[in-house]
Amino acid sequence: MNQSGELTSASQEDLAAVEKLKSAYGRLRKELAKVIVGQDTVVEQLLISIFAQGHCLLEGVPGLAKTLIVSTLAKSLNLNFKRIQFTPDLMPSDVTGTEVLQEDKVSGTRVFRFLQGPIFANIVLADEINRTPPKTQAAMLESMQERQVTIGGARHALPSPFFVLATQNPIEQEGTYTLPEAQQDRFMFKVFVDYPSYDEEYLIAETTTSVQTQTVEQVLTGEDIEALQKSVRRVPVAPHVIHYALRLIRATRVGAKDANVPAFVRDNVSWGAGPRGLQYLLLGGKARAMLHGRLAVGVEDIKAVALPVLRHRVITNFSAESEGITSDDVIRRLLQELPESSEGDRVPAKLQKALNA
């Protein structure tokens, strides 16, 4: 805003992006509701992670429409969707692709040609990722973090936008390979997909066992999503909101000497969240604020995304597990007891000097 009180062109552009994303959010929920019954929280968290350029790890028992949610979302966003069914015999090249030797029939020369794997898609569903060995799980790491794959010394860029959704089954652990904590940290959100309510399950039974079919209409294109992702990054965050997110993260670090860690956290947590957790709290808060039509992040936005961001970054100890205390329980108690503001909240001196320069 300038001295006369008028919105600058940048502000008008950002406000237009907020209105576009808020409108698209309503239309996306409407389109998804044609096929998906309930799961409103899951859908919102998926959309937040997409617009924040993150990835999601979904956990839930079979038959809760995890795959259907993702494929329907891909249709409504007009994005290329591929599904990888992870199995114990899946090799890294089955995910990323491989080079094959081909002969030119005219010249007789032989050249290597790269054949793209299923990772080359806008939305990739890594189904039951805990059923494949660590070597194949690790093949996803570069793709998720760098948005590229390296085969034979050559780098191949993945399409943009790019979003990985991995699922794991919590009730079958025989013959599975637990996803390491370091790899789980690559995911922005860990989302729990729960059973539907009684009324929702009645509607599922009524609609899915009939001859009715629903057509999902396109709401956004890939270009629209990329533009909105950039707008999310420009959403301002007030210093007191950053301090709240920072204090929340540091309150989980039982090994940090200068962190103000509550006694119940020290009693139940073995490892806390790292800096990537703080980054995803703020990015998730920015995306949520825009989805709800606001151009500023509030503490309520940080609280809303705290569980999916932190539940796989806060590792409980044996004492907590023996008493049935989960990371969700620890995070919820922190959200209840941690004050939203503190006397120590301030802009660091070095940053303040740079801002005043």
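The values are calculated or read from the model by the stated rules, or taken from the named source; none is laboratory data. In this text the structure is predicted, and so the values were computed from the model without any measurement. When we count neighbours, we look across all protein chains shown, and the Cβ atoms used for this are built from the backbone with ideal geometry, even at glycine.
Brief remarks follow.
- Filter result (modelled with pLDDT under 90 and in contact with a Leu (Cβ under 9 Å, 6 or more places away or on another chain)) within the range 273-289: A273
- Test for Q53: is it under 18 Å from the mean Cα position of the chain (by Cα) and assigned to a loop (DSSP other than H, G, I, E, B): yes
- Cβ separations smaller than 8 Å between residues 6+ apart or across chains give the following pairs from the range 106-120 residues that are touching a residue at least 40 places away in the same chain (Cβ under 8 Å) to residues that are part of a loop (DSSP other than H, G, I, E, B) and not hydroxyl-bearing (S, T, Y): F112/G152; F114/G152.
- In the range 240-268, of all residues being part of a loop (DSSP other than H, G, I, E, B) and touching a strand residue (DSSP E or B) at 6+ places or on another chain (Cβ under 7 Å), the one that is farthest from R332 (Cα to Cα) corresponds to V254.
- The range 139-180, subset over 18 Å from the mean Cα position of the chain (by Cα) and aliphatic (A, V, I, L, M), residue surrounded by the most Cβ atoms within 10 Å (Cβ to Cβ): V149
- Checking each residue in the range 206-236 for being more than 26 Å from N80 (Cβ to Cβ) and touching a Lys or Arg at 6+ places or on another chain (Cβ under 6 Å) picks out only V235.
- When the test is whether a residue is in the same structural domain as I325 (by TED's automatic domain parsing), crowded, with 18+ Cβ neighbours inside 10 Å and free of Cβ contacts under 8 Å to residues at least 24 places away in the same chain, R266 does not pass it.
- Of L179, L125, L79, L165, all but one fail to be assigned to a loop (DSSP other than H, G, I, E, B), among the hydrophobic types (A, V, I, L, M, F, W, C) and within 30 Å of S23 (Cβ to Cβ); the exception is L79.
- Residue pairs meeting the criteria (Cβ under 6 Å; at least 6 apart or on separate chains; first modelled with pLDDT under 75, in the range 172-187; second assigned to a loop (DSSP other than H, G, I, E, B)): Y177/P133
- Considering residues of the range 37-58 that are surrounded by 22 or more Cβ atoms within 10 Å (Cβ to Cβ) and polar (S, T, N, Q) only, the residue farthest from T207 (Cα to Cα): S49
- Every pair of residues 6+ apart whose Cβ atoms lie under 9 Å, when the first sits in the range 333-349 and is under 21 Å from R266 (Cα atoms) and not assigned by TED's automatic domain parsing to the domain that holds N260 while the second is surrounded by 13 or more Cβ atoms within 10 Å (Cβ to Cβ) and modelled with pLDDT of 80 or more: none
- When V106 is tested against (1) in a strand (DSSP E or B); (2) more than 25 Å from the chain's Cα centre (by Cα); (3) hydrophobic (A, V, I, L, M, F, W, C), only condition (1) is not met.
- Of the residues making up the range 305-323, just one is of a type in the set (D, E) and either part of a helix (DSSP H, G or I) or touching a strand residue (DSSP E or B) at 6+ places or on another chain (Cβ under 9 Å) (or both), namely E321.
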